[in-house]
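Report on one structure; see the data block that follows.
The values are calculated or read from the model by the stated rules, or taken from the named source; none is laboratory data. Everything numeric here is computed off the predicted structure, so don't read it as measured data. Glycine also receives a Cβ, built like all others from the backbone with ideal geometry; neighbour counts cover every protein chain displayed.
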Amino acid sequence: MERNVYLDHAATTYVKKEVLEEMMPYFTQSFGNPSSIYKLGQENRKAVDLAKERIAKAIGATPSEIYFTAGGCEADNWVIKGIASANQKKGNHIITTSIEHPAIMNSCKYLEKHGFEVTYLGVDEDGKVRLDELKSAIKDTTILISVMFANNEIGTIQPIAEIAKLAKEKGIYFHTDAVQAVGNLRIDVAKIGVDMLSMAGHKFYGPKGIGALYIKKGTRIDNLIHGGGQEQGKRAGTENVPAIVGMGKAIELAYKDFDQHNERIIALREKLINGVMERIPYVKLNGHRTDRLPGNVNFSFRFIEGESLLLMLNMKGISGSSGSACSSGSLDPSHVLLAIGLDHATAHGSLRLTIGDENTEEDIDYVLEVLPTIVARLREMSPLKPMKEDK
Ligand SMILES: *Cc1c(COP(=O)(O)O)cnc(C)c1O
């Protein structure tokens, strides 16, 4: 039986029907500029404000602390560059981790070329930051700590509240890239005590090209995009109203029936993890066993190559992603898998499957039927295949 099984929800998601329906009028009928004073403009202003309220409510913020961006990458860039620029008199040191998304990693690399110093903390074998290491990395010149909420590759959830507490005690700004966490985990920025938090609409069944940055009131941050006075003068550009409306609706839906939905996704994840471990030898689960994103599964299969595995899964209608940084067009193994201590060969044999809304138990059954055969076939062809003494 041939199926189409999409298991790459960490890369992006489809747009929910209710989300699209709410967006549609803002393309053709209600197309006004939110900055215009006539009715068509003001309708759009209201739509933007409602979206802000929904997002603020979902994460425990106030609406005036939500600023729209063109996605997760822009929000991340804004934090790193904007905090560095606004606080350079205070210090030039930033602490982040070695498993961040390229949006954080490469913004930090950029700053290193402009007189800033960056500490990239290592992680343990589950992908967690060690608090004592973080503590000893803090200097008098540290102005920002940025640690992702949950990792996009291996799903590991960080001790965000503890990190936030540490940062607060030292008077250092704390940012978390929560692009994978928003919609999938309960988040309360006030309770956790974060100063900035990034999110992106397309990771929780909203449209692509829209994101938001939560900035706690009173945070000293410079603009990334200069121009007009939109977003309280902090982010210029005519608002992408349809996308903003979609993101607002999507976040509202994500936290409706949240527990029930999450239980279902976690049950599918456990079925997939246990099924693979039972059926396939020489396999390692990457990421923390329980402190992980509800839909994240990441395996390393020894003696095979992730790219070939992906191609063969694709021929069977299964969409996943590998541990190679294929986004950059290179075949270097993922920096995240290397950071948790995998050797290059093992990292190369990695497969990430991320479960979402539309997946069913039948989808998981199908993967469990197809994957062992494919892995066995690839190992047969592999020059690295297991020898008897490996047993
Ligand atoms: C997807 C993702 C981003 C980038 O978001 P875009 O909307 O694609 O720019 C940043 N950080 C993490 C953790 C992500 O998963």
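In table form, for the structure just shown:
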item	result
So Asp124, is it more than 16 Å from the ligand (Cβ to nearest atom), surrounded by fewer than 20 Cβ atoms within 10 Å (Cβ to Cβ) and more than 20 Å from Lys216 (Cβ to Cβ)	yes
Failed item in (1) more than 16 Å from the ligand (Cβ to nearest atom); (2) of a type outside the set (Ser, Thr, Tyr); (3) touching a Leu at 6+ places or on another chain (Cβ under 9 Å), with Leu40 passing the rest	(3)
All helices (runs of 4 or more DSSP H) inside the stretch 279-367 with 2 or more residues being at pLDDT below 95	306-315, 344-348
Filter result (among the charged types (D, E, K, R) and away from the ligand (no atom under 16 Å from the Cβ)) within the stretch 192-234	Asp195, Lys216, Lys217, Arg220, Asp222, Glu231, Lys234
Hits in the stretch 127-136 - residues which are surrounded by fewer than 19 Cβ atoms within 10 Å (Cβ to Cβ) and either touching a residue at least 60 places away in the same chain (Cβ under 8 Å) or within 21 Å of the chain's Cα centre (by Cα) (or both)	Arg130
Tally, over the stretch 176-191, of residues that are in contact with a strand residue (DSSP E or B) (Cβ under 8 Å, 6 or more places away or on another chain) and either assigned by TED's automatic domain parsing to the domain that holds Asn296 or away from the ligand (no atom under 16 Å from the Cβ) (or both)	1
Residue under evaluation Asp76, criteria (1) away from the ligand (no atom under 16 Å from the Cβ); (2) touching a helix residue (DSSP H, G or I) at 6+ places or on another chain (Cβ under 6 Å), criterion not met	(1)
Per-region count, the stretch 210-227, residues over 15 Å from Ala70 (Cβ atoms) and surrounded by fewer than 18 Cβ atoms within 10 Å (Cβ to Cβ)	5
Criterion: within 15 Å of the ligand (Cβ to nearest atom), free of Cβ contacts under 8 Å to residues at least 12 places away in the same chain and in the same structural domain as Lys81 (by TED's automatic domain parsing) - qualifying residue of Asn152, Asn106	Asn106
From the options Asp222, Asp195, Asp259, residue that is touching a strand residue (DSSP E or B) at 6+ places or on another chain (Cβ under 9 Å) and not hydrophobic (A, V, I, L, M, F, W, C)	Asp195
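To keep it simple, each residue is scored yes or no on (1) more than 18 Å from His93 (Cβ to Cβ); (2) outside the structural domain of Thr96 (by TED's automatic domain parsing); (3) in contact with a helix residue (DSSP H, G or I) (Cβ under 9 Å, 6 or more places away or on another chain).
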residue	(1), (2), (3)
Leu121	no, no, yes
Gly127	yes, no, yes
Lys139	no, no, no
Val147	no, no, yes
Ala161	yes, no, yes
Phe174	no, no, yes
